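Questions regarding the structure given below will be posed in turn.
The values are calculated or read from the model by the stated rules, or taken from the named source; none is laboratory data. Quantities reported herein were computed from a predicted structural model and do not represent experimental measurements. Cβ atoms come from the backbone with ideal geometry, glycine included; neighbour counts cover every protein chain shown.
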């Protein structure tokens, strides 16, 4: 479904990605973990064409991402790749229902009736069926993030990228968002997650990639990487991350 081969990206003289190799099978959930500034979020932005690397290959379901040069080509690609960001990016002047229907109607050409029927079903899926007429400002952070996930699902993407979607949330609302993502993964939605939630990553992921300094130091099945990492740096990172979890301090940023 997704393949990155020898991807390099620099900003001026500063290298950010130094030869990233990563693959995701259809129906699998993959997590990218690592310290802040290690290139995790940049990898996601390269996948959907928001950032263009200087070197390497990126393919999504056979489509060469780097070859999509025109606006029409990029729009067609992004119809197939959902992206849920740290911030919710909901339209504050539109109701929750309108936030979910505007793109399917304008971009995919669906009728209002079809878009609204789909939106109501998705709101029920993320346990917000009673919030269709509410406005984003009346919702909690966790509720807004669940609306953002439902909005992404409304486009029926083949692949969803999640970029630290709990980093801006109060600890009490993190679980409700993670539960929704976990259900999507259980249903076979192909997804790539950048996260600092180690226990969640271990539970949800088919495979995990550990990054540091713009390179992937280790990857493998979740049970193997979390249970018996082969790289000393991976082991140290996980010890520290789990220590923060036990202390009740959720790591922030990406």
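Checking the structure you have, find out if any residue of the stretch 2-14 is within 25 Å of residue 158 (Cα to Cα), within 15 Å of the chain's Cα centre (by Cα) and touching a residue at least 12 places away in the same chain (Cβ under 8 Å).
yes
Separate question: What is the one condition in (1) without any contact (Cβ under 8 Å) to a residue 24 or more places away in the chain; (2) over 15 Å from residue 180 (Cα atoms) that residue 121 does not satisfy?
Going through the list (1) without any contact (Cβ under 8 Å) to a residue 24 or more places away in the chain; (2) over 15 Å from residue 180 (Cα atoms), residue 121 breaks only (2).
If you don't mind, another one. Considering only residues of the stretch 119-131 that are part of a helix (DSSP H, G or I) and more than 22 Å from residue 80 (Cα to Cα), which is farthest from the chain's Cα centre (by Cα)?
130
Right, next: List the helices (runs of 4 or more DSSP H) that sit entirely inside the stretch 132-215 and contain at least 1 residues that are without any contact (Cβ under 8 Å) to a residue 12 or more places away in the chain and out of contact with any strand residue (DSSP E or B) (no Cβ under 7 Å at 6 or more places or on another chain).
171-186
Can we say residue 80 is at pLDDT 95 or above and under 16 Å from the mean Cα position of the chain (by Cα)?
No, not satisfied.
If you go through the stretch 218-237 one residue at a time, do you hit one that is at pLDDT below 95, surrounded by fewer than 19 Cβ atoms within 10 Å (Cβ to Cβ) and over 28 Å from residue 5 (Cα atoms)?
No, the stretch 218-237 contains no residue that is at pLDDT below 95, surrounded by fewer than 19 Cβ atoms within 10 Å (Cβ to Cβ) and over 28 Å from residue 5 (Cα atoms).
Filter the stretch 156-194 down to the residues that are closer than 26 Å to residue 110 by Cβ and surrounded by fewer than 18 Cβ atoms within 10 Å (Cβ to Cβ) and list them by number.
156, 158, 183, 187, 188, listed by residue number.
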